[in-house]
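The values are calculated or read from the model by the stated rules, or taken from the named source; none is laboratory data. Note that this is a predicted model, so its numbers are computed, not measured. Heads up, the Cβs are rebuilt from the backbone with ideal geometry, glycines too, and the neighbour counts pull from every protein chain shown. Note: accessible area is taken over every heavy atom of the protein model, side chains too, but ligands, DNA and RNA are not part of it. Shrake-Rupley method; radii C 1.70, N 1.55, O 1.52, S 1.80 Å.
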Amino acid sequence: MEFSLSTTIVFLLVASGVRSFDTRGCSDTKSCFRYGEHNCMTTTCEYSAIWRVNSTTNEVDFQLSATLRAENGYVSVGFSSDGLMPDADVYACIQHNNKLTFGHYHNPSATINPVKKHPASVVVDKNPATMSTSGFKNGVITCSFKRKLSGADVVDDDTYDLTKKWYILFVHGPTHDDGTIGFHYVHEPPTSGKKQRLSEIETASLWTTGGATMQKLNAWFTVVAVATFVYNMAV
């Protein structure tokens, strides 16, 4: 089955650098996730993601932002059958040497980098977007992209059907000297905690400071096996 990812993803322009994403409508018309210090905003959190599904056009719009710990790094979102990185379908915005790119990656379960000790991210299409710009300012990287949820011209072994249930992976980290994606900052990155359709609207905040980590709305988002976190569940 042949497909052209360039016709299925649109990477939207953030012309003025970093801006705060509009969180109005979270829990109502779109899903929102924040990870970082208590009550952080989308441009001050360690990581944030907002997405909205348009069932009429069969598309999902994603807005991602993350605080990088060095000049070079990436922010990404992935979809997995088991909540782990191997075999995940990943979309990443990359800042490297003052150049911003957007890529589609797949992490084959059988391809483990023996030196870097994590799944080797294989580029499915280096520049799949019709527009390929984003924002980076004061250590914060932002990007927005649009993807078809499903369709014979979209889905194959590397590109998953997003009308189905998947674990959602929220990942950011550094790049290697050659610009490839490195091991994520958080050893066990936040995930959705269960398989979830993107069309099921949820909102959660996962705080790393403020006395205890807090999760909202049925504990939908989790950090897996991070022993230093203490959970307060608020429904």
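Determine whether residue 163 is open to solvent by 20 Å² or more (accessible area, probe 1.4 Å) and in contact with a Leu (Cβ under 6 Å, 6 or more places away or on another chain).
Judged against the criteria, residue 163 is a match.
Being of a type outside the set (D, E, K, R) and not in a strand (DSSP E or B) is the filter; apply it to the range 51-79 and report the residue that is least open to solvent (accessible area, probe 1.4 Å).
Of everything passing the filter in the range 51-79, 68 is least open to solvent (accessible area, probe 1.4 Å).
Give me the pairs, please: first residue somewhere in the range 45-58 and on the phi < 0 side of the Ramachandran plot, second residue anywhere and of a type in the set (Phe, Trp, Tyr) and surrounded by fewer than 22 Cβ atoms within 10 Å (Cβ to Cβ), beta-carbon distance under 6 Å, and either six or more positions apart or on two chains.
50/21; 51/62
Step by step: first the residues of the range 6-50, then only those that are of a type outside the set (D, E, K, R), under 16 Å from residue 137 (Cα atoms) and open to solvent by 70 Å² or more (accessible area, probe 1.4 Å), then the one that is modelled with the highest pLDDT. Which residue is that?
Going through the qualifying residues, I end up with 44.
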